[in-house]
Amino acid sequence: MTHRFVGVGALTDVPRVAVVIDVMRAFTVAAWAFSRGAERIVLASSEEEALALKAASPGWLALKDGPPAAGFDAVNSPGLMRSADLAGRTVVQKTTAGTVGALAVADAPLVLCASFVVAGATARFLRAEGREPVTFVVTGEDGRADEDLACAEYIGRRITDSDVEAGPYLRRARTSKAAGELADGVRRGYRGVDPDDVELCLEADRFDFVMAARREESLLVLRPLPRAAVDDGGEERRTARR
């Protein structure tokens, strides 16, 4: 299967299949939100839009990068997300890299959002789809973030070799600039960073679902596809194609 790895700024066309990677931390957080019962995640283009969507839709929650801020219910931290009760809730997410990357390829026929925690499920889904080329959108550091590139390469290898070991890719991510910055934030006591964030971002294949993004009216909405859709196809997978 043919792959390409590009940064958001290097996108020059609408990919046929786009896999948007943000390991630290947007799409690790999104996966944890789904594991905690969230029904859907709306990807916002700005903090102002996130707050406006929340204000217009009672019961919705808003999440952002950085420290806690007025109007926002959560921050972009898997360590803080893992204890949240999100059963049936809609979360509006705005981050510096991940949501930007997803919105940049929103018109692609198939958009998946991924990190290490859903890497195996994402690879199985792509193998079953069989469509190529797959464009991996590396969202961090203008396409140079080693944790995102390592995750993209791991998924790419797993599409054709389900026995590939995650260890070498996780070691690259552990020594990345983003991992160092998160660890430094913990040491300095920054709000919005949990001591377990790095380790939670480096748990390969923790969850069995795929996260597929599609337009719903004017919004780009991320939803989980269950294990049956990942392994066997069916209506859920056809829905992800639009």
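Where does the chain land at 222 nm, in deg cm²/dmol rounded to the nearest 500, when only DSSP H runs of n ≥ 4 count, each adding -39500 (n - 2.57), divided by all residues?
-10500 deg cm²/dmol
Gap in Å between the Cα centre of region 148-188 and the Cα centre of region 93-137?
16
Compute the relative contact order of region 10-87 as a whole-number percentage, counting only Cα pairs closer than 8 Å that sit 6 or more residues apart in sequence.
So the answer I get is 35 percent.
Please list, in chain and number order, the residues 5+ apart from Val134 or on another chain whose amide H is under 5 Å from its amide H, with Hs placed from the backbone.
The list, which skips near neighbours in sequence, is Thr2, His3, Arg4.
Take each of the peptides 43-54, 100-111, average the number of other beta-carbon atoms within 10 Å over its residues, and list them starting from the highest.
100-111, 43-54
Pull out a ≥ b ≥ c, the square roots of the eigenvalues of the alpha-carbon gyration tensor of region 100-177, then state rounded if a/c is under 1.5, prolate if not and a/b is larger than b/c, and oblate in the remaining case.
Oblate.
For region 90-95, what does the Karplus curve 6.51 cos²θ - 1.76 cosθ + 1.60, with θ = phi - 60°, yield as ³J(HN,Hα) per residue in whole Hz, taken in order and with x for Gly and Pro?
Result, ordered by residue: 9, 10, 9, 10, 9, 10 Hz.
May I ask you to order 133-139, 25-31, 56-62 by the average number of other C-beta atoms within 10 Å around their residues, highest value first?
For the peptides 133-139, 25-31, 56-62, the packing ranking is 25-31, 133-139, 56-62.
Report the label-to-label distance for Ala56 and Thr96 in nanometres (one decimal), using points 7 Å from each Cα along the Cα→Cβ vector.
Those two pseudo-labels are separated by 2.8 nm.
Which of the lysines could a cross-linker bridge to Lys64, judged by Cα under 16 Å and excluding same-chain residues fewer than eight apart?
Result set, ordered by chain and number: Lys54, Lys94.
In nm, give the distance between the simple-model label positions of Thr175 and Asp73, each being 7 Å from the Cα along the Cα-to-Cβ direction.
About 4.1 nm separates the two model spin labels.
The numbers here are math on the coordinates, done by the rules we state, and not lab data. Predicted model only: the values in this text are computed from it and were never measured. With ideal geometry, Cβ positions are generated from the backbone for all residues, glycine too; neighbour counts draw on all protein chains shown.
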